[in-house]
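A.B. asks: Sharing a structure below in structure tokens format, with a few things to ask.
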Amino acid sequence: MQNSSRPGRGNGPKPHSKFRLLPSLAGQLPKTERALGVLHGASYLRPLTIPAMYVLLAYLMFVGTNPAFLSPRALLFLGGLILLLMAAERFRRRFYLDPSREGGIHWRALVLQFTKWPFFMMAAWRALLGRPAQYALTQKVGSKRPIVMWPHLGVGCLLAGAWIVAYTLNNAVAPALSAITAAIVLFSFGLVVTELRLMPPPFEPGMYMKRRAQLSDMLARRMSRRNQIGAAAR
């Protein structure tokens, strides 16, 4: 996650590439490629929407209204969109190296998306200001320095305080907003608790040998099938 705060390092389109490099090259590109360049990697900016969602949630609680996007009709359309995205994800899994073991819901990746938004905001801020960042080595062992604790502890406390103030001012908070707030507060505090756990060892020989055996069997079957197809084509 620390590497997410580097403006121009790592894999994938970083904020530095979007805010600094693309504008200097845009004038040399055709209009179509210029538009595709802006849209490419837009999914990497998802973490920036999370703090905006927190601010919107607090505002809706203070206003004391039940938002229209939480109505049954809107939630029905949202469910349809989720099903469409799941179908697209299902198609992509056909190209996984090990679909039977790499399938399912990648909940750890979803948790990481919510966890790293403070570092992504730091990267975006540095990219806007043009400040360079030192290369951060990824730690393979436990660290006593809290990385996740303080931002998410602050989010949990602020949203809980916002709910209390909104309830005091309006004598009620919409049930849907209360449920969303409770889920975010519990999730934020849960992230804080994870930093209190002992970090697993960086390398486990038993797990390595098990995974190597699984992949060797799978690759051997694929190679045999490829040889059979090649022999039949001749």
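A.B. asks: ALA166: in the same structural domain as LEU75 (by TED's automatic domain parsing), surrounded by fewer than 13 Cβ atoms within 10 Å (Cβ to Cβ) and under 30 Å from ASN66 (Cβ atoms), yes or no?
C.D. replies: no
A.B. asks: If you don't mind, there's one more thing I want to ask. Just the residues that are among the charged types (D, E, K, R) and more than 26 Å from ALA162 (Cα to Cα), please, taken from the stretch 181-227.
C.D. replies: ARG197, GLU204, LYS210, ARG211, ARG212, ASP217, ARG221, ARG222, ARG225, ARG226
A.B. asks: Among ARG101, ARG108, ARG92, which is the only one that is assigned by TED's automatic domain parsing to the domain that holds THR181 and in contact (Cβ under 8 Å) with a residue 24 or more places away in the chain?
C.D. replies: Every option except ARG101 fails the conditions.
A.B. asks: Let me ask something additional. Please give the helices (runs of 4 or more DSSP H) falling wholly within the stretch 144-234 in which 1 or more residues are at pLDDT below 75.
C.D. replies: 205-233
A.B. asks: I would also like to ask the following. Give the residues of the stretch 89-122 that are among the aliphatic types (A, V, I, L, M) and modelled with pLDDT of 80 or more, sorted by residue number.
C.D. replies: Those that are among the aliphatic types (A, V, I, L, M) and modelled with pLDDT of 80 or more: ALA109, LEU110, VAL111, LEU112, MET121, MET122.
The values are calculated or read from the model by the stated rules, or taken from the named source; none is laboratory data. In this text the structure is predicted, and so the values were computed from the model without any measurement. Cβ coordinates were reconstructed from backbone atoms using ideal geometry, including for glycine residues, and neighbour counts include every protein chain displayed.
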